[in-house]
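Sending over a structure as structure tokens; questions will come in a sec.
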Amino acid sequence: MPRSGRSGLIPTRGHPAPPPDQGEPGTEQAASPPDQGEPDAEPPAPPDRGEPAFDGHRPPPAEVVADCVHCGFCLPSCPTYLLWGEEMDSPRGRIHLIKQGLEGEPLSETMVGHFDRCLGCMACVTACPSGVRYDTLIERTRQQVERRHVRSPRERALRAAIFALFPYPRRLRLLRGPLWAYQASGLRNLVDRTGLLRRLAPTLATLESLAPRLTRAPRPPRRVPAYGPRRAAVGMLTGCVQSAFFPGVNSATARVLAAEGCEVVINPERQGCCGALSLHNGREEEARRFARDLIDAFAAERLDYFVVNAAGCGSALKEYGDLLADDPAYAERAAAFAARVRDLSELLVELGPVATRHPLPVSVAYHDACHLGHAQGIRSQPRELLRAIPELELREIADPELCCGSAGVWNVLNPEPAARLGERKARDVLATGASLLVTANPGCLMQIAAALPRAADASGPRSTSPRGDRGMALAHTAQVLDASIRRLPVTRLLD
Amino acid sequence: MTGDDDGRSTTTGPDGDRSAERAATIGRLAAELRTRLDADQVIDDRARLRTYECDGLAAYRVVPALVVLPHTAQECALVVRSCVAAGVPFVARGSGTGLSGGALPHPDGVLVVTSRLREIREVAPADERAVVEPGVINLAVSRAAHPHGYYYAPDPSSQQICSIGGNVAENSGGAHCLKYGFTTNHVLGLQVVTPDGELVRLGGAAPDSPGYDLVGAFVGSEGTLGIATEVTVRLVRLPESVRTLLAAFPTTDAAGAATSAIIAAGVVPAAVEMMDALAIEAAEAAVRCGYPAGAGAVLIVELDGPAVEVEAQFAEVVTLCRTHRAFEVRIAADEAQRALFWKGRKSAFAAVGRLSPDYIVQDGVIPRTALPEVLRRIGELAAERGIRVANVFHAGDGNLHPLVLFDETIDGQTDRAEELSGAILDLCVAYGGSITGEHGVGMDKATYLPRMFTDDDLDTMQLLRCAFDPRSLANPGKIFPTPRLCGEVPGRRKGPHPLQEAGLAEVF
Amino acid sequence: MSDVPGSVDLLATIEDAGLVRPAGPVDVVGGVPARFVAEPATTEQVATVLAAAARHGLTVVARGSGSKLDWGHPPTALDLIVDTRRLAGVVEHAAGDLIVVVRAGTPLAELRQLLAPAGQQLALDDPLPGATVGGVVSTNTSGPRRMGYGTVRDLLIGVTLVRADGVVAHAGGKVVKNVAGYDLGKLVTGAYGTLGLVTECAFRLHPVPAAQAYVRCRVPLAGAGGADLVGRLVATVRAAQLVPDALEVDAPVDGPIELVVLIGGTTAGVAGRAEAARRLLAGAAGPGPTGADLEVLVDAGSPPPWWSRYPWLPGDTGLKLTGVLSAVPDLLGAARTVADRHDVPIRVRGSAGTGVLYAGLPANAEPDRVAGVVEELRGAAGTAGGHAVVLTAPDRVRDRVDLWGPVEGLELMRRVKDRFDPEARLAPGRFVGGI
């Protein structure tokens, strides 16, 4: 009978595990489709034969795995399935791999490879009719991988470099502007050796092409008073990439909040990374450390809300309660903190507008950042805010559920497939014919900006965009609202 | 019926020598294919192989010996030819959403996955045709045709992910097949790899190709006659008007009577779908579709066509629902509301997972007029066994999808659920229906096929299989309960056929 | 094989004497006289007859009303005609389920009358009056309404057949939705009786529409200009939301082409759609050479006299021309051009809405010229993505032309035939590739 539901009902038939001479684990990486960078100088770490993939500390929950009925509805929403058409690079296949791990299969090089290739976009969570919490599964799995799997020295170095760089806004800032600043920094040794800079080069070039809005902004003030009667006191996250590369977005966020009657508490000197990148890449301890620090940074403030304008950070902050649940000193505070976290658009819709919106005659394509749409379920709020701006025309992008390929640092770790996903998204964005792309995540902004010129080239001379090689103007939702509220000319967004 | 051995498992009987020999054969086959294909197209890593061990019916699992992902029809033919040369069986798989185990791998065989053959070759609205590769997703065909005012009519519930190649193999239907027919009514031409490894074109873009209707024979043959590598499908004009209503009834009897009345009135709705109270509960839990509270059954009735026709008939349908005790009739005001009506229905299978840890999705057909009676009998059978059954079905054409809910951790429930599920099929056959309306026979119902057909019927069907696949290499073990050999085989074969050797097959 | 000495005695002694008789002067298929005729009334009797024929190695051709016995090639040998006219009548009509099970020898016209009181129909036209269900299935004939309802393959949901060895087999069933087992119904549809003898068919039925209207449009242009205009009109109708049951074209040897749209549905709906069709067609000529609107009539009562009739008379050459929809005007134009070039009058008629046309050439046409016409039309149909098949022709034409033309998958078809009828005793040589 067609049966679904709890797995493991019928014992697996077929061959028992192949004898050692057939397994050929050493050749697995070569058989994988995506370019994982240069071939490793050393052979991959031997598979931990015999030892089950997961230990007892926060393993992926078997009952969540059992929720998967193998219907496959998640497949079309998965970027890696679209790229490679392979079961093991789909959510259903990854859940199956996790299940194998829970059943005692070792954490092989192969398995880790397929877990690593997940972008963590969570489109599958949205698509799943059975409500499988794939987000929980992959997050727990990644923590196990980071703790238990020994990566190749090259991989280790690259990841170390990434996590020595991205969660630190000051270090990130050194990558901008003249190269001497970077060369003079202590980062050089670390970053050069791993080839990270080469991987970052296209992104950095994109950033420079966005230069007009990247001029060095002054450090944000500690507090911004509410304009008019105070409706709420809100903390605000400045973020790492956001504050380093898009300080204008933070200024706009603070101004919009103030205009809507919020007293904004920023405490820029006290806040660091929120831990999102670490959390989404399985670096559990690091994430917990960042989370505790951020909670401490605002411990003295009496805040109604804590506002985030970067989608990835927002989804991580909302998980603080779970992340620190087993930390007696922080569990309660973390849960209370997480409960106050709001995405900017979420809070603005919750509060309702008081500031007058002035016309912005512009056509806007709105891109759902995965960590806003899929992870936080926030899709209608930004659209509602944009539609409320007189003369602004909102256009939908085809396949809105598909990830643009940015996915935190995934595009740094997987540059080639990320570029393909970026181009696909950029083509869909260009097809809207809109003159401004709006999204709520710095990663998406950079990824699509980098892909737009390539997509414009690929689609031929007829579809030359008004922005020439840059393809299209880009902005964060906060900047569009800010421009409308401050009655700025639309050219300020388009130039 | 799931745990029994089908005679192919390597865990029973064969000695280690044969097992090692088969492994060596696969090893040589993999090595040969690697010389002709990219490395990532040939999968023999065990963890990866295991992700292919089941399709949409996860109760059956067999790890394939090898997985190959061809990029072209020629590569697909190459793989099959290599299998023929090595005497290795092969099984085709698309998106792996089938619900009868039709794409269940063979433990000693190659799984040929068509998910990378996903180009839409041509959309020709002026000819009302599209030409697609087998891995193209069903919904993608409609999306490509929409800008021209056309769509691809067959719409199985899994249309967002199921592939056209899989649809061809299973002759997939969908909610709208009451009016528009099944895959077989919408496929005009095929390019197939025969079980010999030859690329052959059957049918074409124009109707009524001369000779036997091998397209008709191939569609629905569940991968036992070869692998489709290109499919020419009919496109249908998007209707001028679509009107959808959701009617809530106190009982399934009342909803069934309303359905019969609608059909008797000469209306051919695009779809008539029914859900009972338990199915509604599941759908609400999953997608919050907001169906009327307290309904013992809901009907979704959809009419489409020229606006004037739809207007005239829709009013009649609304009246008929009311006269048959519908206590609430909602009419979709816009596309969003229509989508919400359908969302509940289309998510129902997977949604039942929220009500019960385990469940069986059954698929049977009865004459539409027997609906109230059969539903009552199903209810009685379920009550006798202390098992809950949620009913979701295509009421217009009598296609039942009882969802048998159970919990395997409760002693004996699994057996009772399976027994009930089989009893429901017996009921369908007893009322002159079918053991499967759209999910196919596959692995799951092969043993049930003799309840519908005589040995002579099955023998006759196997004549067709033997014509295409005299070596029994194409998806062996599916559809037919008894493996049979085809007598003389064109070409050479070394040694006795393994099945013959095992004494399991009678020579046909 | 058929010259087994004493076959008559064997048949007479072993089988029920009432089933088999010696053939008479009219018991001829394509000019080949039969030796015996069997007239079974049940599937079991057909099985008995065919089992006996198998034992004696007799070649067999099934015959219904005989309306298409001159189609295809003559059998290469003929011992026994199995006449199905006693194998008639409705087995089951489940009106509530919109299905009918009917024996193969039942004439379509009779079935129509039987179903009418229930307001139901088997939506198959019979271009040759008197045709039986079995004959229609075996030759896969269709008429104008194939556009709205499909053909045999779309309506046949179950089949009972008797194999060459006398074994009775069923496939499909009595429910419309059913994917259990192979769809042998499709395999025997249009197989010219070469795979088995169909004894019973289950069909899905449709309600008879409450109203219908024929919208008739006369295209004043002749030649290529006329064909092009027909193409525009056909495209206009298809692009509109008329949902016609039929879209037929009739291009006589000379004189204006006529295009007819059949619309069926509710009384109110048909009136509105017919008027919409009239307006569309009248205005669709556009600023062509005539300048004026086309003459369009709406006739709610009866079809034009040529409706659902092949454009040929008994003894003529009749072709089936198929192509993709956009190539329908090309096929019409090609027929006109070829007719002029070979100086043979050709009448073309058929379903412009599905790309299935028929062409008739008079019996007295010079065989060489007919052969030239067939060759060129076959080329045109091939370009159009379809085929040109000679359904029927006088003997002297048959000698000159390849009736079937190119057939895709012929090798597989031979293998199918070899499995179902390894001794090639059923309608031998009648079908494609000498099957």
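Could you tell me whether region B:263-279 includes any residue that is within 12 Å of chain C (Cβ to nearest Cβ), more than 20 Å from C:Leu242 (Cα to Cα) and at pLDDT 95 or above?
No, region B:263-279 contains no residue that is within 12 Å of chain C (Cβ to nearest Cβ), more than 20 Å from C:Leu242 (Cα to Cα) and at pLDDT 95 or above.
B:Ala248 versus (1) part of a helix (DSSP H, G or I); (2) out of contact with any helix residue (DSSP H, G or I) (no Cβ under 7 Å at 6 or more places or on another chain); (3) among the aliphatic types (A, V, I, L, M): which is the lone unmet condition?
With (1) part of a helix (DSSP H, G or I); (2) out of contact with any helix residue (DSSP H, G or I) (no Cβ under 7 Å at 6 or more places or on another chain); (3) among the aliphatic types (A, V, I, L, M) applied to B:Ala248, the lone miss is (1).
Still on this structure, I have one more. Failed condition for C:Thr322, given (1) of a type in the set (Ser, Thr, Tyr); (2) out of contact with any strand residue (DSSP E or B) (no Cβ under 6 Å at 6 or more places or on another chain); (3) modelled with pLDDT of 95 or more, with all others met?
(2)
Now, a different point. If you take just the helices (runs of 4 or more DSSP H) that sit entirely in region A:425-495, which of them hold at least 2 residues that are at pLDDT 95 or above, of a type outside the set (S, T, N, Q) and over 21 Å from the mean Cα position of the chain (by Cα)?
In region A:425-495, the matching helices (runs of 4 or more DSSP H) lie at A:477-485.
Could you please tell me which pairs satisfy a Cβ distance under 7 Å, a separation of 6+ or placement on different chains, a first residue in region C:166-195 that is under 22 Å from C:Arg425 (Cβ atoms) and in the same structural domain as C:Ala95 (by TED's automatic domain parsing), and a second residue that is among the acidic types (Asp, Glu) and not in a helix (DSSP H, G or I)?
Listed pairs, sorted by first residue: C:Ala171/C:Asp183; C:Leu187/B:Asp213; C:Thr189/B:Asp213; C:Gly190/B:Asp213; C:Thr194/C:Asp421; C:Leu195/C:Asp421.
Counting residues that are more than 30 Å from C:Trp404 (Cβ to Cβ) and within 14 Å of chain B (Cβ to nearest Cβ), which strands (runs of 3 or more DSSP E) fully inside region C:57-107 reach at least 3?
Filter on region C:57-107 gives C:90-94, C:99-103.
Which members of region C:182-225 meet the condition of being of a type in the set (Gly, Ala, Ser) and either more than 30 Å from B:Ala265 (Cα to Cα) or in contact with a Leu (Cβ under 9 Å, 6 or more places away or on another chain) (or both)?
Residues satisfying the conditions are C:Gly185, C:Gly190, C:Ala191, C:Gly193, C:Gly196, C:Ala202, C:Ala213, C:Ala222, C:Gly223, C:Ala224, C:Gly225.
If we scan region A:350-370, do we find a residue that is modelled with pLDDT of 95 or more, assigned to a helix (DSSP H, G or I) and within 21 Å of the chain's Cα centre (by Cα)?
yes
Which of the residues spanning region B:50-80 are more than 13 Å from chain A (Cβ to nearest Cβ) and part of a loop (DSSP other than H, G, I, E, B)?
B:Thr72
Related question: Every residue in region C:137-148 that is aliphatic (A, V, I, L, M) and out of contact with any helix residue (DSSP H, G or I) (no Cβ under 6 Å at 6 or more places or on another chain), please.
Listed by number, the list holds a single entry, C:Met147.
Among the listed residues B:Gly204, B:Gly216, B:Gly211, which satisfies the condition of being within 7 Å of chain C (Cβ to nearest Cβ) and out of contact with any helix residue (DSSP H, G or I) (no Cβ under 6 Å at 6 or more places or on another chain)?
The conditions single out B:Gly204.
Report yes if B:Glu438 is assigned to a loop (DSSP other than H, G, I, E, B), facing another protein chain (nearest Cβ under 8 Å) and modelled with pLDDT under 95, otherwise no.
Yes: the conditions hold for B:Glu438.
Can you report the number of residues in region B:326-360 which are small (Gly, Ala, Ser) and facing chain A (nearest Cβ under 10 Å)?
Total satisfying the criteria: 6.
Which helices (runs of 4 or more DSSP H) sit wholly inside region B:446-508 and have at least 1 residues that are out of contact with any His (no Cβ under 6 Å at 6 or more places or on another chain) and at pLDDT 95 or above?
B:449-452, B:455-468
Okay, moving on. Restricting region B:35-49 to residues that are at the interface with chain A (Cβ under 9 Å from one of its Cβ atoms) and of a type in the set (Lys, Arg), which is nearest to the chain's Cα centre (by Cα)?
The extreme case among them is B:Arg48.
Given the criterion among the β-branched types (Val, Ile, Thr) and either without any contact (Cβ under 8 Å) to a residue 24 or more places away in the chain or over 23 Å from B:Pro250 (Cα atoms) (or both), identify the matching residue among B:Val308, B:Val317.
On inspection, the qualifying residue turns out to be B:Val308.
I've got another one for you. Mind telling me which of the residues B:Ala47, B:Ala23 ends up being more than 15 Å from B:His106 (Cα to Cα), small (Gly, Ala, Ser), surrounded by 15 or more Cβ atoms within 10 Å (Cβ to Cβ) and at pLDDT 90 or above?
Matching residue, one of B:Ala47, B:Ala23: B:Ala47.
Can you name the number of the only condition in (1) surrounded by fewer than 24 Cβ atoms within 10 Å (Cβ to Cβ); (2) within 14 Å of chain C (Cβ to nearest Cβ); (3) modelled with pLDDT under 95 that B:Gly294 fails?
(2)
Residues to consider are C:Pro129, C:Pro117; find the one that is modelled with pLDDT of 95 or more and farther than 23 Å from B:Lys179 by Cβ.
Selected residue: C:Pro117, the only one of C:Pro129, C:Pro117 that is modelled with pLDDT of 95 or more and farther than 23 Å from B:Lys179 by Cβ.
Across region B:121-163, what is the total count of residues that are among the basic types (Lys, Arg) and either within 21 Å of A:Pro76 (Cα to Cα) or at pLDDT below 95 (or both)?
Final tally of qualifying residues: 2.
Could you please find all residues in region B:21-60 being closer than 15 Å to A:His96 by Cα and in contact (Cβ under 8 Å) with a residue 12 or more places away in the chain?
B:Arg46, B:Arg48, B:Leu49, B:Arg50, B:Tyr52, B:Glu53, B:Cys54, B:Asp55, B:Gly56, B:Leu57, B:Ala59, B:Tyr60
Can you find a residue that is of a type in the set (Phe, Trp, Tyr) and touching a residue at least 40 places away in the same chain (Cβ under 8 Å) anywhere in region A:55-78?
Yes - at least one qualifying residue is present in region A:55-78.
Among the residues of region C:138-153, write down those that are assigned to a helix (DSSP H, G or I) and either within 24 Å of C:Tyr214 (Cα to Cα) or more than 10 Å from chain B (Cβ to nearest Cβ) (or both).
C:Ser138, C:Thr139, C:Arg146, C:Met147, C:Gly148, C:Tyr149, C:Val152
Determine, yes or no, whether C:Asp330 is crowded, with 17+ Cβ neighbours inside 10 Å, farther than 30 Å from C:Asp368 by Cα, acidic (Asp, Glu) and within 14 Å of chain B (Cβ to nearest Cβ).
No, not satisfied.
Additional query: Only one of C:Thr236, C:Thr194 is surrounded by 24 or more Cβ atoms within 10 Å (Cβ to Cβ) and either more than 13 Å from every other protein chain (Cβ to nearest Cβ) or of a type in the set (S, T, N, Q) (or both); which?
After ruling out the rest, the residue left standing is C:Thr194.
The values are calculated or read from the model by the stated rules, or taken from the named source; none is laboratory data. This is a predicted model, so every value here is computed, not measured. FYI the Cβ positions are ideal-geometry reconstructions off the backbone, even for glycines, and counts take in every protein chain you see.
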